[in-house]
2 protein chains.
Amino acid sequence: MGWARTRKDSMSQYVIGVDIGGTKIAAGIVDEKGGIVAKTVVSTLAEEGFETSLEQVYKSVEELKASGKAGWEEIKGIGVCAPGPLDPFKGVVHNPPNLPGWREVPLAELVSEKFDKPVRLENDANAAGMAEVKWGAAKGYKHVFYVTVSTGIGTAVIIDGKIYHGKNGMAGEGGHVTINYDAKDAVCNCGNTGCVETLASGPGTVRRLLAKLKNAPDEKKAMISAAGEKDDARVTMITVGKAAANGNKTALEAINEEAKLLGIWLGSMISVLDPEIIVIGGGVSMLGELLLATVRKTIPAYTINTRADKTPVVQAKLKNDVGIFGAAAVSPK
Amino acid sequence: MGWARTRKDSMSQYVIGVDIGGTKIAAGIVDEKGGIVAKTVVSTLAEEGFETSLEQVYKSVEELKASGKAGWEEIKGIGVCAPGPLDPFKGVVHNPPNLPGWREVPLAELVSEKFDKPVRLENDANAAGMAEVKWGAAKGYKHVFYVTVSTGIGTAVIIDGKIYHGKNGMAGEGGHVTINYDAKDAVCNCGNTGCVETLASGPGTVRRLLAKLKNAPDEKKAMISAAGEKDDARVTMITVGKAAANGNKTALEAINEEAKLLGIWLGSMISVLDPEIIVIGGGVSMLGELLLATVRKTIPAYTINTRADKTPVVQAKLKNDVGIFGAAAVSPK
C-alpha cells in the first residue's frame, strides 16, 4: 500500500480541457495546480457542418496528444465546453444556434470513445465557475455564485464545491432573473422581460447610454474622444471602459448605472443563495473596481441578508484561456 | 446483528415538533408516517419576557411527555421553529421582534439539556418545506422550491433532500427577490424595493386592490357583498378569496394579478434553481387553482428554462398543524 501511494504520487496527473466556440476551438493540457502545459487553437469550421466540426474537436485533442507535453497515460480525463443548450447529465449537445447541423449530439460519448478517456460536457459559465473554485478567486470556498458579464450574463451556482444542475441540468441561469418585469423596452433574447442580462450586460449598458446620448452629440463626441477613438467610432463597452478610465463623466455614469443594476440583482441572489463569495468574470469585469466598488455598495440595500455586506464580491482571477481552464475544471478525474 | 435490527424495527420512532410563535406555542409528537399522536398548545406569554416564555416552551414538551402517547425513549429528537432571525447552525435565536427580551438565546442547547434529546432549530419556511418533502406534496423529490404566501412570502431551497442554508444560514429568502426595482411605491419591510413579498403577498395584493378601488366605491361594495360580508367590512385576502369564489370579477382580477407576479418571480427562480417541483403553501395558497392555474400559465414566458412548463407547481398538502409538522420534520433523528 505504501508502494502504491508513492507510485501514484510520483506520476503527474493532467486533464484536457476543450472549449468549443462558434468560430474556434481552444484546447489545453492542464496540470493539477492549474498550469497550462500545452495549448492549441483550431478553427471550428462550423459552416461546414457537424462532421467537419466534430473532426476539428478530435484534431485539437490529437494535437495536444502529439505535443508530448504530458504522457497520454497521465491524462485522467477530458472536459468539454460547448455552446448551449446542452444536457450535462447525458453529455448531449442539443441544437446550438451557432453550431449549425448539430442536433442531439452525444458529444461526451463520442469524445470518450475516440480517446478512451472519461469525458464530461458542461456549459461555459458553469465550467468557468468551477475553474475559479479550483484555481482562481474562489479557491477554498464551497458555496459560490459565479457571474460572467460580457455580451450576456452567465452564472454558475456552486454548492458544496460542485456545480448545482437542478432537475433538467438547466439551473444556474441567473442572468435571466427578472429585475424589472415592467421594463417593456427590455425584452431579452430568452423571451423574458427585464432580465438582468438584457439590462446590465455590455450591450444593454451601451444601448441605454446611446439612447441617452441621442440628443447630446457633444457629450457623445467627448466620450469617444476620451477613449482615444475616432469621432465616428462605433461605441462598445470597450469605448466606455477606456473613456471611464480617462475620467470621462458620461462613461463613468454609464458604468455606475450598470453596477447598480448588478448590485440590485446580486442582492436578490444573496437573499436566495447566501453564497460564501461572489466572483465576477467576463469582459465587463475587466473594469475592476470602477464597476465592483458600486456593486458592493448597492447590494446591502437590496437584500434581506443582514450579513451581505460581508460577502466578498471579487473579480475573477482566470482571464486568458478561461475557456480551457473551465473545460479542464469539469473534467472527470 | 439480525437481532439488533429486529429489535430496532419493532420499536416505534417519534419526534417532537415545537413551533414557537409570538402568541402561542404549538407542539406535537409526530410518528414516522407523519401522524400527530399527541398535541398541545400553550400561550407564549411573550410580554412576560424571556424566562417566562422559555418556561412555556419547556411546558409544551412536558405536556407531550406526560401525555403518555409515546414512550419517552421512543422520542428520537426535538425540532424547534422560532421566529427569525436565527442561526440554524448554532441553534441560536438572535433577536426576534415579536419575542421581546430574547437576545442571542442558545435555544437548541437549552432544550437539549433540559430534555436530554438532540435538538435542531430552524426557521418556519424552511421547516414547512421539509415537512412537505417528508410527508406532503414534495414526497419523493430531492430538489424542491417551497413557497409560503400569506402576510409575507417565505421560501425554502431544498437541495438533495436537505435544506440549503448557505454561508450564514440565511439562504432561502426568495420572498425578498426584487422583481421590479423601479416600483418606488413598493418598499418592503426588509428595506429593499419591489421584492415579490411586498408586491404579491396577501397584504400587497389587498393594498393594490384598494388603491384601484379608491374611486370605484360601487365596485368595492359589490365585491364585499359577493364575499358575504358587511358593507363596511375591512377588506382582507379572505374577503377577496370569498368574493372570487363567488365569481366576483374585481376579486378575480386581483387574484389574477397576484398570480402573474408570482409566476414572473417563479420563472426567475426556475432559471436559477431548476427545481423538480414547486410547492405553494400558506394562507393565500388556499385559493387553490384560482391562483395556481395563472401562476403555471405565466411561468414559461418569464424563464429561459425551456422545460419549465413541465415543472409541477402544486398546492402544499399540510395545512392544519403545518407549524408542528415543520418543526418535527427538521428534528434530528
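Some points to look at:
- When each of A:306, A:311 is tested for being in contact (Cβ under 8 Å) with a residue 24 or more places away in the chain and more than 19 Å from the chain's Cα centre (by Cα), the lone residue that passes is A:311.
- Every pair of residues 6+ apart whose Cβ atoms lie under 6 Å, when the first sits in the stretch B:18-42 and is assigned to a loop (DSSP other than H, G, I, E, B) while the second is of a type in the set (Gly, Ala, Ser) and crowded, with 16+ Cβ neighbours inside 10 Å: B:22/B:46
- Residues in the stretch B:180-200 that are over 18 Å from residue A:306 (Cα atoms) and surrounded by fewer than 24 Cβ atoms within 10 Å (Cβ to Cβ): B:180, B:182, B:183, B:184, B:185, B:186.
- Only listed residue being among the hydrophobic types (A, V, I, L, M, F, W, C), surrounded by 21 or more Cβ atoms within 10 Å (Cβ to Cβ) and away from every other protein chain (no Cβ under 14 Å), chosen from B:177, B:240: B:240
- Residue in the stretch A:59-81 that is within 27 Å of residue B:306 (Cα to Cα), among the hydrophobic types (A, V, I, L, M, F, W, C), in contact (Cβ under 8 Å) with a residue 40 or more places away in the chain and surrounded by fewer than 20 Cβ atoms within 10 Å (Cβ to Cβ) present: no
- The one condition in (1) touching a helix residue (DSSP H, G or I) at 6+ places or on another chain (Cβ under 6 Å); (2) in contact (Cβ under 8 Å) with a residue 60 or more places away in the chain that residue B:143 fails to fulfil: (1)
- None of B:267, B:326 is touching a helix residue (DSSP H, G or I) at 6+ places or on another chain (Cβ under 6 Å), within 14 Å of another protein chain (Cβ to nearest Cβ) and either part of a helix (DSSP H, G or I) or buried (at least 18 other Cβ atoms within 10 Å of the Cβ) (or both) except B:267.
- Qualifying residue in the stretch A:285-299 (condition: touching a strand residue (DSSP E or B) at 6+ places or on another chain (Cβ under 9 Å) and either of a type in the set (Ser, Thr, Tyr) or part of a strand (DSSP E or B) (or both)): yes
- Residues that are within 13 Å of chain B (Cβ to nearest Cβ) and basic (Lys, Arg) within the stretch A:282-319 comprise A:307, A:310, listed in sequence order.
- Of the strands (runs of 3 or more DSSP E) lying entirely inside the stretch A:71-154, those carrying at least 2 residues that are in the same structural domain as residue A:46 (by TED's automatic domain parsing) are A:75-81, A:119-122.
- Residue A:114 falls short of the stated requirement of being within 14 Å of another protein chain (Cβ to nearest Cβ) and over 18 Å from the mean Cα position of the chain (by Cα).
- Of everything listed in (1) loosely packed, with under 14 Cβ neighbours inside 10 Å; (2) farther than 18 Å from residue A:325 by Cα; (3) modelled with pLDDT of 95 or more, the single unmet condition for residue A:9 is (3).
- For the stretch A:201-231, the set of residues classified as exposed (fewer than 13 other Cβ atoms within 10 Å of the Cβ) and small (Gly, Ala, Ser) consists of A:211, A:216, A:228, listed by residue number.
- Unmet requirement for residue A:309, which otherwise passes all of (1) surrounded by fewer than 24 Cβ atoms within 10 Å (Cβ to Cβ); (2) under 20 Å from residue A:199 (Cα atoms); (3) of a type outside the set (Val, Ile, Thr): (2)
- Listed conditions (1) within 14 Å of chain A (Cβ to nearest Cβ); (2) surrounded by fewer than 24 Cβ atoms within 10 Å (Cβ to Cβ); (3) out of contact with any Phe, Trp or Tyr (no Cβ under 7 Å at 6 or more places or on another chain) are all met by residue B:145, apart from (2).
- Selection over the stretch B:156-171 of residues that are touching a Ser or Thr at 6+ places or on another chain (Cβ under 9 Å) and within 7 Å of chain A (Cβ to nearest Cβ) gives a count of 4.
- Looking across the stretch B:105-142, the residues that are more than 25 Å from residue B:272 (Cβ to Cβ) and either modelled with pLDDT under 95 or crowded, with 18+ Cβ neighbours inside 10 Å (or both) come down to B:105, B:107, B:108, B:111, B:112, B:115, B:117, B:119, B:120, B:121, B:135.
The values are calculated or read from the model by the stated rules, or taken from the named source; none is laboratory data. Because the structure is a prediction, the values reported are computed rather than measured. Note: ideal-geometry Cβ built from the backbone for every residue, glycine included; neighbour counts use all protein chains shown.
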